[in-house]
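Data first, discussion second: the structure below is written as structure tokens.
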Amino acid sequence: MQGQLSEIDIRSLLHLIELGQRTGELYLEVEGAHPGDRRSWFVFFRQGAIVYCTSGEGGTTRLRDYLHRYALETAIDELSVSKMASISEPEYGYLWALLETHQLEPVQGRNILQAMVHEALFDLLTVHEGRFIFNMGEAIAPHLTSLAVSPLISQVAQELQDWKQLYPYVQSPDLCPVLTDVQRLREVLPAQTLQTFSEWATGSITLRQIARYRQRPLLAVAQALYPYIQEGLVQLIEPPLEHSAARSRWHQVMTVQDPNPRAPRIVCIEDSPAVCRAIEQGLQLLGYDVVGFLSALEAISQVFELRPDLILCDIAMPHLDGYELCAMLRQTRLFRHVPIIMITGREGFLDRTQARLAGATDYLTKPFKRQELKALIERYIGSGRLEPAPEEEISDLALSTAESLPVP
């Protein structure tokens, strides 16, 4: 079953799966307003009930946020993904590994999974345009909880109605509260409440993150702050750059501050010499350190030594294709969080779904404009240059790539 969200809304789609008592996975993909700005979710079902939802942001940031309450946010760095869990969903695997090593109690694991599903549906029920595909198959295993669709949708839909009442003062869960008048807050708030506000309203933690840290509904967090936002005592601001879409949350997790910063390194694996050379030259002019390979077998022998910040990988290659390479890299600790972007001449939605199942972070279809590639890479690892590029070099890039890259 597949189609467009303009033809069937998400609520009806979820109800349909529930009524049919289907087991499998629903993949949803939404295009953003800017090139490369694409979000996707997986919703896993067992006999019509939801057992797990991925987030639209990818990586393990969401799980780390939920583990903050138990002081376990860095524990997953020392774990191997549970062999019992789905390889393609490392977040779920890490959660099970924490349960297997008794660092997390089953009731805590259930609470986290239920909160993750709730949060994902809060985002999904606002989506009206995009694509979906439902694949019948075995349920994600092992499963810890099952959530009935109908009551959950009713609850989330009501929360969204209540959220709209907070407009225009509260518009997005991805804004950061900051205290703007501490003196007046001291006059109207108990000391303990002000202390709590001061800990969380720092201008660098989003409403969504606060809800995760405290394991409280997002709506409840926003409602608690709403009166003070109305009065101008608290302000909501855009998150700092390192927390925004311009820089991958996957990259944040694994990046260590280097006293001698270098340009971000990109490995490009593309069997067409012309395309590989065009990508290399174009990205080098943007300030990235780029290493190109014409085969996956050649790349895999050196990629562990190169330790790239991002990998661009063609799909259709001899001997070892991009799906297989991506799946192999995702099973290693070094490349669990490194953004992997598939580049291919295949336009199909099924191909993007397969790339996502293999562990790809994103997908780019050839021919693509240089601005699309630039925007997508900056989304995950930021800009290439440690200093601004001269205007003439940026204009030369258009000539070196002929504005778009050909399909071999």
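The figures follow:
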| item | result |
| --- | --- |
| Relative contact order %, the range 2-160, counting alpha carbon pairs below 8 Å whose residues are six or more apart | 35 |
| For peptides 317-329, 172-184, sequence by mean Cβ density within 10 Å, most packed first | 317-329, 172-184 |
| Calculated FRET efficiency for the pair Asn111/Ala71, C-beta based, R₀ 22 Å, to 0.05 | 0.90 |
| Amide H contacts of Tyr363 (H built 1.01 Å from N, under 5 Å, at least 5 apart or other chain) | Met342 |
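Quick note: the coordinates plus some simple rules give every number you see, no bench work behind them. Keep in mind it's a predicted model, so treat the numbers as computed, not measured. Note that we place each Cβ from the backbone using ideal geometry, even for glycine, and neighbour counts take in every protein chain shown.
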